[in-house]
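Scroll down for the structure; my scribbles are underneath it.
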Amino acid sequence: MKTIDDLDFSGKKALIRVDFNVPLDEHFAITDDNRIQGATPTIKKILNDGGAVVLMSHLGRPKEGPTEKYSLKHIVAHLSGVLGVDVQFANDCIGEEAYAKAAALKPGEVLLLENLRFYKEEEKGDAVFAEKLAKLGDVYVNDAFGTAHRAHASTAVIAQFFPKAKYFGYLMAAEIGNAEKVLHSPQRPFTAIMGGAKVSDKLELIEALLDKVDNLIIGGGMAYTFVKARGGEIGKSLVELDKLDLANDLVKKAEEKGVNLVLPTDCQIADEFSPDSPAYDGPNNQIPADKMGLDIGKASGQHFAQVIMASNTILWNGPMGVFEMDKFAKGTRAVADAVVAATERGAFSLIGGGDSAAAVSKFGMTEHVSYVSTGGGALLEYMEGKELPGVKAVND
């Protein structure tokens, strides 16, 4: 793997694809800067070498070109504080202003370009657009694992214009290294914890993991599809009625492969999807018709924790309930506590981005697990065995 450690950036201008798609509140203040912090070591290495840095990223999903809400100018002040450098800003990612500011950059200086997705060509993987971006630097660095599964202009197509000068940043290298560790050399027992809303979202991952894990824990909304498939009464709980046969097939496959498939047996039963809803603990296969399950129950949390605590490798993707509501965060918290305890006694724990990363952050546990991925979808696809365009482009 070609990383930035393979090059002295003195006198060079590095064009870095970062993932600064950070959440902003209504006043454009950053509410979680993990992605900025994740890219910081790469940026600082290049600056410390005596190089200059041009940063390109997307923010949100702008539909019709430039949109104030999605302008990267809102993060300039925060980024300057994190890097300890007055970050310059270009009001476009290509064009005269961007080229002029990039050309004038001196060693130790940083330029942030405007949102790449203000151009539809970015997501289309347009080669002409990629070539225009490529003119902004003489070395290309991809440090945006969160978008590595997209064949976009700035993540995959652009690399061809740097045939002998393309590298992975530290974040990208760490993401791939940690994923590889779990996939190909796990210390056993290896336990995967799958949560979230739908079985269909995790189907390919679950099937891939059945060949690798010793234990597979399933919680969250997707668990009710398994309960329903077994004839349970789940009330108004989340369910994919067209996936009942599939759920039974997965149970059968787990048995055939000798995988311990662990499903919840109880849940928090609520009147409605609300933080103020009355709720009680009860069997998840006997939910009244007018109620719904919004979290795993106490017994399930304890059972899950026992399995996790006995594990030496842990992959966690997806919450156990509606953890954003404190009332229904107990199950996710029980799993998080067990993952932290297992990690503290020597297990390796990989938290799979997205809601799992948000939950670990909410509980103040980010520093107490082995690695928190910045890429939800990218990590899932990598774990499924798919080749990520953003990785392939640098490796080729």
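Some observations on this one:
- Per DSSP, loop GluC sites (Glu not before Pro) in the stretch 1-72 with at most 11 further Cβ within 10 Å: GLU26, GLU64
- Residues whose placed amide H lies under 5 Å from that of CYS93, excluding near-sequence neighbours: GLU114
- The stretch 228-367: relative contact order in percent, alpha carbon pairs under 8 Å with at least 6 residues between: 21
- Look at where the Cα atoms of the stretch 192-209 and of the stretch 339-382 average out, and the two centres are 16 Å apart.
- Counted charge near ASP92, where neighbours are those whose Cβ lies closer than 14 Å (Asp, Glu -1; Lys, Arg +1): 0
- Violating pairs (Cα-Cα greater than 25 angstrom) within the set LYS202/LYS392; LYS45/LYS101; LYS44/LYS362; LYS181/LYS392; LYS45/LYS362; LYS252/LYS298: LYS44/LYS362; LYS45/LYS362; LYS252/LYS298
- Within the shell defined by Cβ-Cβ distances under 15 Å, the residues around PRO23 carry a net charge of -3, with Lys and Arg each +1 and Asp and Glu each -1.
- Projected-area mean, the stretch 4-173, by convex hull of Cα positions, square nanometres: 8.7
- The local environment of LYS298, defined by Cβ-Cβ distances under 15 Å, has a net charge of -1 under the rule Lys, Arg +1 and Asp, Glu -1.
- In angstrom, the C-alpha Rg and Dmax of the chain are 22.6, 69.
- DSSP bridge pairs, the stretch 4-173: antiparallel proportion in percent, nearest 5: 5
- In order along the stretch 339-347, the phi-based Karplus estimate (6.51 cos²θ - 1.76 cosθ + 1.60, θ = phi - 60°) of 3J(HN,Hα) comes to 4, 5, 4, 5, 5, 5, 8, x, 6 Hz; Gly and Pro are listed as x.
- Share, in percent, of DSSP beta bridges within the chain that are antiparallel, nearest 5: 20
FYI, it's all coordinate maths here, none of it is from the lab. None of the values given here were measured: they were computed from a predicted structure. Here the Cβ is made from the backbone with ideal geometry for all residues, glycine too, and neighbour counts use every protein chain on show.
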